[in-house]
Amino acid sequence: NLGIKSDERERTYQEVFRTEETSYWGDVQFMPWAWLDARLKLERSQRDADPSMQQGNFGRPEHPLMRKFYMADRDRDRVLLELYLMPTERFDFGVTYYTTDDDYDATVIGLRESEESSISFNLNYVISDKHTIYGFFTRDEIEAEIAGAASTDAYRWLSMTEDRIDTWGVGISGELTDKLGYGFDYVQSKSDGDILTDDGGGEGPFPVLFTDLSNARVYLDYRFSDRWSAVLDAYREQYDSDDWTVDGIGPLDIDGILNMGELSPDYDVYVVRLFARIRF
């Protein structure tokens, strides 16, 4: 398959009145064997933006060279690869990978480049006619380069960011009797974020940003009839995070700024629910 897409947008009360984006793509799907299904897609797009003009707030104008990323000239390349394997009737396995590379070559102040990639693995196994297990793992990585300046005559600084998010989960579901179903799911997601800013002074990187989220859920589903059922649902969710932009900073610790003295959120929650369900 081959395709072309054109997107034109006009905005009012924005620095850029019009953007035009043209995308070209092609994909191929093939099944060399009955147990393998594969797909490859390539896409190239180019966005052109009108000249930027200051809108309002003329007493404190923005840097004249700054461009907002969603209204800036951009060249994008994207690759998508999908593989699905079905070696047996009871087992299937899938792999999905994509990468997106964005270049903002005309931007002097603002987001200059960004690269995002993701790879996912999914599997399902039918233990019997009434029981199924599953599992998955996904890794997302995002890298970006941002340029800024405090004023038109100030030294330009560059900031490089790297974020990585790992998410995985397992679960089982099925039927204990003809009327009683069950399920268990566990999901965990962890992220790390690194920021290195170079303003010519040789500073080291900022502390690592961190989050950790986990969720465990178990449920029973009893069917009284084809239309009525009752569900007993219980789960626990835990969240932990470290954010140097707020941790350890009091309301008056920064000269000239009054903040709320907030901390990185952490919580541990238990929930039990009992509810009825009807199908019309």
Members of the stretch 1-15 found to be over 27 Å from the mean Cα position of the chain (by Cα) and surrounded by 13 or more Cβ atoms within 10 Å (Cβ to Cβ), listed by number: E15
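Quick grid of which residues meet (1) of a type in the set (G, A, S); (2) closer than 27 Å to S189 by Cα:
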| position | (1), (2) |
| --- | --- |
| S214 | yes, yes |
| R223 | no, no |
| W228 | no, no |
| S241 | yes, yes |
| E262 | no, yes |
| Y270 | no, yes |
| A276 | yes, no |
Flag for Q29 being surrounded by 13 or more Cβ atoms within 10 Å (Cβ to Cβ) and of a type in the set (S, T, N, Q): no
Pick from the stretch 34-51, criterion aliphatic (A, V, I, L, M) and over 30 Å from T88 (Cβ atoms), ranking: modelled with the highest pLDDT: L42
Residue count for the stretch 210-226, restricted to those that are in a strand (DSSP E or B) and without any contact (Cβ under 8 Å) to a residue 40 or more places away in the chain: 10
Unique match (being part of a strand (DSSP E or B), surrounded by fewer than 15 Cβ atoms within 10 Å (Cβ to Cβ) and of a type outside the set (A, V, I, L, M)) among D153, D140, D166: D166
Verdict on D105 being part of a loop (DSSP other than H, G, I, E, B), over 21 Å from R44 (Cβ atoms) and of a type in the set (D, E): no
Qualifying residue in the stretch 224-234 (condition: within 28 Å of the chain's Cα centre (by Cα) and either over 28 Å from F280 (Cα atoms) or β-branched (V, I, T) (or both)): no
Some residue of the stretch 241-264 being part of a strand (DSSP E or B), assigned by TED's automatic domain parsing to the domain that holds L180, in contact (Cβ under 8 Å) with a residue 12 or more places away in the chain and surrounded by 12 or more Cβ atoms within 10 Å (Cβ to Cβ): yes
Answer residue from the stretch 197-217, given it is exposed (fewer than 15 other Cβ atoms within 10 Å of the Cβ) and more than 26 Å from the chain's Cα centre (by Cα) and is modelled with the highest pLDDT among those: D198
Qualifying residues in the stretch 108-134 (those that are surrounded by 15 or more Cβ atoms within 10 Å (Cβ to Cβ) and among the small types (G, A, S)) - the one farthest from V170 (Cα to Cα): G110
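The values are calculated or read from the model by the stated rules, or taken from the named source; none is laboratory data. All figures in this text were calculated on a predicted structure; none of them were measured in a lab. So basically every Cβ, Gly included, is an ideal-geometry build from the backbone, and we count neighbours across all protein chains shown.
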